[in-house]
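What follows draws every value from the coordinates through simple rules; no lab data is involved. Note that the structure is predicted; figures quoted are calculated from it, not measured. We place every Cβ from the backbone using ideal geometry, glycine too, and count neighbours over all the protein chains shown.
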Amino acid sequence: MRISFEVVPRTHEAMMEQLAFVENELPFVDTINVPDLLRFPIRSWDAISDVNTDKYNFIPHIRAIDFDLNTQRLQHIIEKNELSKILLVSGDPPPDMSFPVFNTKVIDLISTIRKSFPDIEIFAGFDPYRNSIKDEKEYINRKFDAGADALLSQPFFDMRLLEIYSDFIPADKVYWGISPVITDKSKNYWERMNHAIFPADYEPSYAWNINFAKKVFAFCEKNGGNVYFMPIRIDLKKYFLPLIK
């Protein structure tokens with residue numbers, strides 16, 4: 001089982017603080033992935049200079065709508081930063097019109113980068129709340145057909161839904177997303193903006209979220225699969241340290 005930890009590049013200092021926490025406290029983490037959020041000054045691929053790539057796999061998120069397939073800009077970024085792994089996602093609209101947007105579909109970008117870099121490891125996202133299960137399954141298969149090697153999912157909060165998706169995604173090709181949600185406000189946001197599904201026994205507490213993470217760990221240890229942590233505005237020690245006991 002591989003375990004990835006998402007570090008949000010709000011500032012260089014904030015990144016270094018989170019990376020230090022991972023290195024000092026979370027020996028089970030072997031992968032660092034960095035989202036590309038245009039409201040912050042650090043682009044995902046630039047974060048490679050802060051990550052110890054001798055110790056951790058590094059996966060920057062790449063937004064398809066930021067790249068024109070008629071240029072080689074992404075190829076140059078990959079070569080300049082010597083990236084061996086990337087996550088290709090569609091991308092949300094930018095925060096303002098100072099950022100150019102292109103009509104680039106993630107399937108086409110996966111195919112293009114696979115042709116340009118036969119040996120690069122391409123990750124694709126999947127969202128269990130975006131479509132029907134049937135439609136999302138077809139979309140996942142199209143990404144694999146285009147050249148994706150593995151998937152990183154949006155967070156799951158219900159083991160029953162995770163088990164449904166595990167029936168048709170090969171265990172070695174998926175990182176199951178976990179994001180602790182410890183307030184009702186945060187839960188309401190996930191339900192309203194991402195159409196997330198929470199089980200009836202959900203509680204906005206560290207205890208419930210820690211227990212859910214342990215269930216995902218146990219599932220992956222039994223059935224295969226990997227874990228992708230997205231910690232958002234939480235006490236890292238309060239959440240993660242019980243997981244290593």
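A few comments on the model shown:
- Considering only ILE178, ILE42, ILE164, the mean-square fluctuation computed in a Gaussian network model of the chain, springs between alpha carbons under 10 angstrom, is largest for ILE164.
- Remark on ASN33: its backbone amide H falls under 5 Å from those of PHE5, GLU6, VAL7, ILE59, a criterion applied only to residues 5 or more positions apart or on other chains, H modelled at 1.01 Å from N.
- Integer Hz, Karplus 6.51/-1.76/1.60 couplings in order for the range 169-182, x for Gly and Pro: 10, x, 4, 7, 10, 9, 10, 7, x, 10, 9, x, 10, 10
- Shown here are the Rg and Dmax of the Cα trace of the range 111-245, at 15.7, 47 Å.
- Protection proxy ranking, highest mean first, for peptides 132-139, 214-221: 214-221, 132-139, where packing is the per-residue count of other beta-carbon atoms within 10 Å, averaged.
- Net charge in the neighbourhood of ALA47 (other residues with Cβ under 12 Å of its Cβ; Lys, Arg +1, Asp, Glu -1) is -2.
- On Cα atoms only, tilt of 106-116 relative to the major axis of the chain in degrees: 60
- Taking Lys and Arg as +1 and Asp and Glu as -1, the other residues whose beta-carbon sits under 10 Å from that of ALA64 total 0.
- Sequence-separation-based contact order of the range 3-244, relative, with Cα cut under 8 Å and 6+ spacing, percent: 17
- Stretching MET97 away from GLU13 to a fully extended chain increases their span by 27.5 nm, per 0.36 nm per residue minus the current alpha-carbon distance.
- For the chain, adding -39500 (n - 2.57) for each run of n ≥ 4 DSSP H residues and dividing by the number of residues yields -11000 deg cm²/dmol at 222 nm.
- Distance from the range 51-97 to the range 157-209 (C-alpha centre basis), Å: 26
- The lysine pair tally for the range 123-224, using Cα distances under 16 Å and a gap of 8 or more places or different chains, is 5.
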